[in-house]
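Enquirer: Sharing a structure with you now.
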Amino acid sequence: MYKQAECQVHPRLKTFPYDKIIRNRMSKEGVKEVKVRWKPCSGCGMKWTDTWEPYNLFFQE
């Protein structure tokens, strides 16, 4: 298993796989957002914190 600094996978990724959408909300600016649970890195197993992301990155209206 790689240590984070030695990981050959996530430092070069531009997109990351996600596990599921946990929640959705409307931001103070009126932007629709979703809370994303990310999958761990396939190279080193690093776990990522859930984050709020723009709705339109995951769904098209």
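Enquirer: In the chain, which cysteines lack any other cysteine Cβ under 4.7 Å from their own?
Expert: CYS41
Enquirer: While we're on this one: Work out from phi, with θ = phi - 60° and the Karplus expression 6.51 cos²θ - 1.76 cosθ + 1.60, the ³J(HN,Hα) of each residue of segment 14-22, listed in order in whole Hz, and give x for Gly and Pro.
Expert: Once rounded to whole Hz, the list reads 9, 10, 10, x, 10, 7, 6, 8, 8.
Enquirer: Multiplying the sequence separation of PHE16 and PHE58 by 0.36 nm and subtracting their Cα-Cα distance, what value in nm do you get?
Expert: 13.9 nm
Enquirer: Let me ask something additional. Which value, in debye to the nearest 20, describes the size of the charge dipole of the chain about its Cα centre when Lys and Arg Cβ atoms bear +1, Asp and Glu Cβ atoms bear -1, and nothing else is charged?
Expert: My answer is approximately 140 debye.
Enquirer: Another one. How many nm is it between the label spots at SER27 and THR49, if each spot is 7 Å from the Cα in line with the beta carbon?
Expert: Computed distance between label sites SER27 and THR49 equals 1.7 nm.
Enquirer: To make sure I understand, if each residue's beta carbon is the centre and we count other beta carbons within 10 Å, what order do VAL36, VAL31 fall in, fewest to most?
Expert: By the 10 Å Cβ count, ascending: VAL31, VAL36.
Enquirer: If you don't mind, there's one more thing I want to ask. What's the longest piece of the chain with no exposed chymotrypsin sites (Phe, Trp or Tyr not before Pro), counting a site as exposed if DSSP puts it in a loop and it has at most 13 other beta carbons within 10 Å?
Expert: Answer from the scan: 1-57.
Every number here is computed from the coordinates shown, using simple stated rules; none is lab data. Remember, predicted model here, so these are calculated numbers, not experimental data. Heads up, the Cβs are rebuilt from the backbone with ideal geometry, glycines too, and the neighbour counts pull from every protein chain shown.
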